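Just so it is clear, none of the values below were taken in a lab; they were calculated from the coordinates. This structure is a prediction, so every number in the text was calculated from the model and none was measured. Every residue, glycine among them, receives a Cβ derived from its backbone with ideal geometry; neighbour counts consider all protein chains shown.
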Amino acid sequence: MAARPPSPPVEPYRIKVVEKIRLLTREERESALQRAHFNLFNLTSDEVYIDLLTDSGTSAMSDRQWGALMTGDESYAGSRNFQHFERTVKEITGFPYILPAHQGRAAENIFFSSMVKRGDIIPNNMHFDTTQEHVRRNGALPLNVAIKEAYDPTSNHPFKGNMDLPMLQRILKDEAGKVPLVMMTLTNNTGGGQPASLENLREVSRICREAKIPFYLDMCRWAENAFFIREREPGQASLGIAEIGKEMFGLAEGATMSAKKDGLVNIGGFVATRDPALFDKMRELLIVYEGFPTYGGLARRDLEAIAVGLKEAMELDYLSHRISQVRYLGKILDEAGVPFLHPPGGHGIYLDAGAFLSHIPRENLPGQALAVELYREGGVRSVEIGGVMFGSGSDGKDRMELVRLAIPRRVYTSSHLAYVAEVVKSVFARRTSVKGFKMAAASESLRHFTAHFEPL
Ligand SMILES: *Cc1c(COP(=O)(O)O)cnc(C)c1O
């Protein structure tokens, strides 16, 4: 008898507004792929049925957030909404100095331009693509220092976002004077949305303190990370997300944030610090690049929506449903034997394209081939995270070939995810017929956004 299918997680919200989506015919999808030069970033959203390209800025806002937008006080300086935003970020993080920015990479620009100089080395558990780019553009070397289990898609280590502590200590000793900061990305997006443990954060914080090097967080998905800590780390189950957050942020000197993730908004971000001198320096740059420090490249109403969203992203029923959605998709795929990065992360399933299309050699871009095939099969848009996104340059040593099915927050229901699982399973059943790609044209930096591909 067949195993009972996993039960779909029940949404802790009901629908007030709907947005129509449509599945194109197979022929229409084929010509869309041709027109897009097989780069899914070039598809129009009307050509996509289920869009799992990213969880960034794709959240559905709540009725409370839409209400908040109507209370926008669009004063250039000193807006009420900025005050609410600043108060909320301070309350959650405890960091005293906050600068809003139009999104995460803008915060990264301000932060890394102020902190990093030519010849520096930046350790991070794993650099996200834009983070890596900001480090490089400032003449520094991004080093990924995640534990070795992070590179093994089959390992079920509960905290694959952890930093390799002996490696970090070795770097700080060998490269003394060249490391202006240490960063940890929560959760580790590039490595599968995997969390770091409180214990590991404490140790990294201690090592940094001893070496007198500031420790910063990329806190884009901090609430998801805190949920995993609560669930998996001994002694944390009785704590709320806010309490775990206080502990996490208490270990750091500051953070960069894309509010498009755990801020539940469509645009926005910030950088926060305890260092008044750094704050002054960043504020100068902010005015040049983003605007006055009480709006930072955003409409003031957006700051209000962020203030509400940051709190909603900490609610347990919301987080529990979100992580259950990822696990639900993972469970169906697991039962079909589809290889993906284990355990399921916080914001999506990362298909192991290297194993899925094991007949396609790395240089023929198995990740890109799989992403294209999922669209061809069922109009599902995903993103390659592998050779195309990261090239061979950065610490290519254990580079995985992944295809991320990122789940937007509060957007899709369990039946959408069951459909996605069916699409993946269909491609898996005929996987040996899938062919590789070559890159036809690409830009120097962040090339995955603009590259063209040709089927082999
Ligand atoms: C999305 C993201 C960023 C950049 O944020 P944007 O808002 O997209 O500019 C930085 N770090 C991580 C880990 C991210 O996921």
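Of note:
- Among the DSSP helices (H) of the chain, those spanning at least 27 angstrom by Cα along their long axis with an average Kyte-Doolittle hydropathy of -1.0 or more are 316-335; this is a geometric and hydropathy rule only.
- Here the spin labels are modelled as points 7 Å beyond Cα on the Cα-Cβ line, and at GLN34 and ALA429 they lie 2.8 nm apart.
- Contact order normalised by residue count of the range 63-312, Cα under 8 Å, 6+ apart, percent: 31
- 3J(HN,Hα) couplings calculated from phi for the range 251-261 with the Karplus curve 6.51 cos²θ - 1.76 cosθ + 1.60 (θ = phi - 60°) are, in sequence order, 8, 10, 8, x, 7, 10, 9, 9, 6, 6, 9 Hz; Gly and Pro show x.
- Segment ASP334-LEU24, extension gain: residue separation times 0.36 nm, minus the distance between their alpha carbons: 108.8 nm
- Structure-based [θ]222 nm, the chain - -39500 (n - 2.57) summed over DSSP H runs of at least 4, per residue, nearest 500: -12000 deg cm²/dmol
- Cα-based shape type of the range 286-408, given that a ≥ b ≥ c are square roots of the gyration tensor eigenvalues and the cut on a/c is 1.5: oblate
- Residues whose amide H lies under 5 Å from that of ALA259, counting only those 5 or more places away or on a different chain, are GLY104, GLY268, GLY269, PHE270; hydrogens are built 1.01 Å from N in the peptide plane.
- Kirkwood-Stokes translational diffusion coefficient of the range 63-312, alpha-carbon pairs, 10 °C, 1.306 mPa s, µm²/s: 88
- Principal axis dimensions, the range 1-109 - Cα atoms, whole angstrom, descending: 56, 43, 27
- Net charge contributed by nearby residues that have their C-beta within less than 11 Å of ILE171 (K/R +1, D/E -1): 0
- Shape class for the range 231-308: oblate, because the ratio a/c of the largest to smallest gyration tensor axis (alpha-carbon atoms, square roots of eigenvalues) is 1.5 or more and b/c is at least a/b.
- For PHE340, the amide hydrogen comes within under 5 Å of the amide hydrogens of ASP352, counting only partners 5 or more places away or on other chains and with H modelled in the peptide plane.
- Fraction of beta bridges assigned by DSSP in the range 63-312 that are antiparallel (%, nearest 5): 50
- Fraction of antiparallel bridges per DSSP, the chain only, in percent to nearest 5: 65
- Placed amide H near ILE385: partners under 5 Å, 5+ positions off or other chain: LEU402, VAL403, ARG404
- By the count of other C-beta atoms within 10 Å, a proxy for reagent exposure, ASP55, ASP164 are ordered fewest to most as ASP164, ASP55.
- Dipole magnitude of the chain about its Cα centre (Cβ charges: Lys, Arg +1; Asp, Glu -1), debye to nearest 20: 100
- Checking the Cα-Cα distances for LYS117/LYS281; LYS173/LYS212; LYS260/LYS331; LYS117/LYS160 against a 20 Å cut-off, the pairs over it are LYS260/LYS331; LYS117/LYS160.
- Of the Cα atoms belonging to the chain, the radius of gyration and Dmax stand at 21.3, 67 Å.
- Using a simple spin-label model with pseudo-atoms 7 Å out from Cα toward Cβ, ARG14 and GLN169 lie 5.7 nm apart.
- Segment LYS178-ASP73, length gained on full extension (0.36 nm per residue, minus Cα span): 33.4 nm
- Difference of contour (0.36 nm per residue) and Cα-Cα distance, ARG80 to GLU315: 82.1 nm
- Gyration tensor (alpha-carbon) shape descriptor, the range 339-456, a/c threshold 1.5: prolate
- Summed residue charge, Cβ within 13 Å of ALA353's Cβ, Lys/Arg positive, Asp/Glu negative: 0
- Fewest-first sequence of GLU290, GLU133, GLU243 by Cβ atoms within 10 Å of each Cβ: GLU243, GLU133, GLU290
- Residue exposure sequence - SER445, SER205, SER258 - by fewest surrounding Cβ within 10 Å: SER445, SER205, SER258
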